[in-house]
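Down below is the structure, laid out as structure tokens.
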């Protein structure tokens with residue numbers, strides 16, 4: 001017993017080093033393998049507060065660009081509004097039946113990274129604004145990612161520039177689907193994998209979100225086809241998609257909540273049994 | 001003594017803030033960021049308790065991780081650097097370290113440079129190996145280590161010289 005104590009006291013520095021290193025390594029491994037790293041994430045009061053202060057200074061430098069984006073979006077929406085066909089739906093008797101399907105919340109990006117192998121964004125909306133996990137995040141140009149962690153006032157978004165991200169997407173010209181991933185190389189390109197060999201693919205075609213996931217509505221823009229190649233197996237395409245969004249410069253984003261999500265979930269779970 | 005503790009606490013907070021507010025967002029040429037918070041580990045008083053030193057380095061790394069959503073990569077790299085520091089000091093400063101009389105303010109610039117260079121490369125190699133976490137991407141790891149190290153070394157040396165008193 002004496003010897004054990006002696007050993008511990010003699011090597012206390014090394015043992016503490018080993019302990020701390022193993023804690024750090026386990027946190028690293030957990031963040032690489034587990035979908036949601038629970039403990040070390042930037043959606044908390046300390047980091048949110050610091051990033052909030054920083055953002056309140058930083059945002060003044062992007063006001064002009066932000067204004068341009070808003071004007072462009074207003075123009076687009078107004079155009080849609082003016083061209084809306086006037087439908088008199090006579091079958092609609094009960095007005096409460098006509099409920100909205102998506103709830104939209106605006107949020108500011110407090111922290112954005114794009115040069116790491118796994119990138120996350122911190123937004124200034126949290127549980128207090130009824131933001132939950134697995135809600136979609138978009139801008140007027142296209143998709144950004146999915147919320148994966150929330151605290152009281154802040155939330156963290158798994159960016160599409162993250163190797164753990166996987167989002168259902170499809171071609172605009174046909175209904176061939178694939179899954180959107182990122183290879184960690186360039187913040188301008190993402191990859192659309194497992195697209196059927198029979199899909200009609202042309203460079204410059206648009207890629208949009210698919211209707212299969214209950215997170216994003218169908219038809220939100222993602223990017224255009226830059227190049228494509230056949231997979232090693234030979235039956236599927238892997239497509240390089242040039243993003244509509246400039247992921248390196250994000251100011252205000254929209255959080256989408258699908259109000260029918262629980263219904264869809266229950267239905268899908270039922271059919272699994 | 002009290003003065004030294006105060007200086008180190010201020011240095012800890014300042015370097016952490018500089019790191020997460022400015023340096024993490026430089027992205028020079030797309031991906032190169034300096035990691036200047038390791039200056040704290042370089043300049044920590046030599047005669048202090050080593051256990052405390054290891055623990056503080058770990059906390060510093062963990063806080064940087066917290067801000068940059070990177071799991072525990074900075075904590076692992078920082079604690080390794082802290083553990084290896086006596087070895088680096090011995091190889092760079094030799095006799096001065098044996099006599100426990102290093103004053104970073106008055107050392108030769110050559111020894112200081114070699115000390116910081118070796119330390120930075122060690123730290124960055126561990127950092128990027130864990131961050132990429134893929135042995136087949138070894139070239140990417142080495143490339144990132146090289147460029148980020150150059151950036152960090154230049155900035156660290158400049159900051160240390162700039163903020164050290166009574167250097168001639």
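Panel order for B:127, B:146, by other beta carbons found within 10 Å of each beta carbon, from fewest to most: B:146, B:127.
Which of rounded, prolate or oblate describes the range A:93-217 when judged by the alpha-carbon gyration tensor and an a/c cut-off of 1.5? Here the range A:93-217 falls in the oblate category. Of all the options B:130, B:16, B:158, the one that moves most in a Gaussian network model of chain B with Cα springs shorter than 10 angstrom is B:158. In terms of surrounding Cβ atoms within a 10 Å radius of their Cβ, A:253, A:104 rank from fewest to most as A:104, A:253. Taking a ≥ b ≥ c as the square roots of the eigenvalues of the alpha-carbon gyration tensor, the range A:167-243 is classed rounded because a/c is under 1.5.
Within the listed set A:141, A:83, A:183, the Gaussian network model of chain A (springs between alpha-carbon atoms below 10 Å) gives the highest mean-square fluctuation for A:83. Dimensions of the range B:28-112 along the principal axes, based on C-alpha atoms and rounded to the nearest Å, stand at 41, 33, 18, largest first. Please work out the Cα center distance from the range B:100-133 to the range A:216-273, rounded to the nearest Å. What the calculation gives is 44 Å, centre to centre. Measuring between their Cα centroids, the range A:127-160 and the range B:13-50 lie 29 Å from each other. Here each label is just a point 7 Å from Cα along the line to Cβ, and for residue B:143 and residue A:30 those points are 3.3 nm apart. Note on the range B:2-163: Rg/Rh from Cα positions, Kirkwood definition for Rh, rounded to two decimals, is 0.95. Between A:122, A:209, A:252, the residue with the greatest mean-square fluctuation in the GNM of chain A (Cα pairs under 10 Å linked by springs) is A:252.
Cβ crowding within 10 Å, taken as a proxy for footprinting-reagent exposure, orders A:53, A:238 from fewest neighbours to most as A:53, A:238. Anisotropy class assigned to the protein assembly as shown is prolate, per the alpha carbon gyration tensor with a/c at or over the 1.5 cut-off and a/b larger than b/c.
Using C-alpha pairs under 8 Å with a sequence gap of at least 6, the mean separation divided by the residue count of the range A:167-243 gives a relative contact order of 31 percent.
Every number here is computed from the coordinates shown, using simple stated rules; none is lab data. Note that the structure is a prediction, hence the values are computed from the model and not measured. Neighbour counts run over all protein chains shown; Cβ positions are idealised from the backbone, glycine included.
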